[in-house]
1. Can you work out the Karplus-derived ³J(HN,Hα) for every residue in segment 198-207? Use 6.51 cos²θ - 1.76 cosθ + 1.60 with θ = phi - 60°, whole Hz, and x for glycine or proline.
2. Name the residue farthest towards the positive end of the dipole of segment 3-329 from the options T266, M222, A139, assuming +1 on Cβ of Lys and Arg, -1 on Cβ of Asp and Glu, about the Cα centre.
3. Please tell me the relative contact order of the chain in percent, rounded to the nearest whole number, where contacts are Cα pairs under 8 Å and at least six residues apart.
4. I want to verify a result. In a Gaussian network model of the chain, Cα cutoff 10 Å, which of these has the top mean-square fluctuation: E40, E279, E51?
5. With a 10 Å cut-off between alpha carbons and a GNM built on the chain, which of E189, E177, E145 moves the most?
6. Once fully extended, how much extra length lies between D70 and A4, figured as 0.36 nm per residue of separation less the alpha-carbon to alpha-carbon distance?
7. Which whole-number percent gives the relative contact order of segment 41-155, counting Cα pairs below 8 Å spaced six or more residues apart?
8. Rounded to the nearest 0.05, what FRET efficiency do T45 and S265 have when you use their Cβ-Cβ distance and R0 = 22 Å?
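Each value in this text was obtained by applying a stated rule to the coordinates, not by laboratory testing. Remember, predicted model here, so these are calculated numbers, not experimental data. Cβ atoms come from the backbone with ideal geometry, glycine included; neighbour counts cover every protein chain shown.
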Amino acid sequence: MNHAELVSIARGMVAPGKGILAADESTGTIKKRFDGIQLESTEATRQLYREMLFSAPGIADAISGVIMYDETLRQKTRAGVPFPQHLASLGIIPGIKVDQGAKPLANFPGETVTEGLDGLRERLKEYHGLGARFAKWRAVIDIGEGYPTRFGIEANAHALARYAALCQEQGIVPIVEPEVLMDGDHSIEDCEAVTDEVLCETFRQLAGHRVHLEGIVLKPNMVISGKKNTARATPEQVAEATVRCLRRWVSAAVPGIAFLSGGQSTTEATLHLSLMNREPLPWKLTFSYGRALQDSALKAWGGKADKFEAGQREFMRRARLNGLAAKGAYTPDMETKA
């Protein structure tokens, strides 16, 4: 493990004014997205959709890295260039999702634990050979009646830390993603309390596993009200609570934090990020969005050959707006101007 190389990659992933495209939807998830535009999900249509995103003119101006699914990492452009090689040629860092999903945590109703540690060392070696230089593992923490429990948080943080250590051993930067879900009717105060506990335990486990903090990127949730809560916190309250929480638990050694959008609307995710970036912080704050970058582009494309460039334009519009948000320079009126 070369620490200097890990640090260099991690810093590149959170380069100023750029963020990470999460294009790591599983085959099942991408089918649901394609159902929304009445497009059959086949390997060919999935390849074409990813190529639309990855070949968008100017993509490297706003995107620093791309998280891919196993199938996508092995696919090629229509010109025959493997996707990781194509992205690297643009100066974009190729990444790979390595977890195998959140499964019910036995004896803990309502809680899950993420699986995928078995055989991970060997998979990481293969992915490194295919061109991946960072990886992603998502832990899922839900808020409900009687949960999360202390044990549920510890189980997920432990798995995250084991994954992170294995990544660094293989020269791959781990994205550490402990997500407190915004499903449910909880208040922003409840979300902050749980996020506090999750981040505290995550960094305790990372330290215990001797993970080199300068060579990771954190991908947390924003501190936000549950979607079913009618008393929604304002964007300013979300930004303030999130930064307060991060300051408490995230070491200044971490080069950057790339937020997930987690069910927020496209414009909400952009505005919240921009508001947080309006004060000096010890780490870079940027985005690692999936739906919040792709939804409008997917609709603009609609699976139609003559709309390929329209899809690319819409993707770049959102990518650039989020790039501005990563500098604290986005305002909602830009939505109509862009």
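1. 5, 5, 4, 5, 4, 6, 5, 6, 4, 5
2. My answer, from the dipole projection, is T266.
3. Values: 683 pairs, mean separation 66.5, N = 338.
After rounding, I find 20 percent.
4. Largest GNM mean-square fluctuation: E279.
5. Fluctuation is largest for E145.
6. In short, 21.1 nm is gained.
7. Values: 139 pairs, mean separation 26.6, N = 115.
Relative contact order here is 23 percent.
8. Details: r = 26 Å, r/R0 = 1.19.
Computed FRET efficiency for T45 and S265: 0.25.
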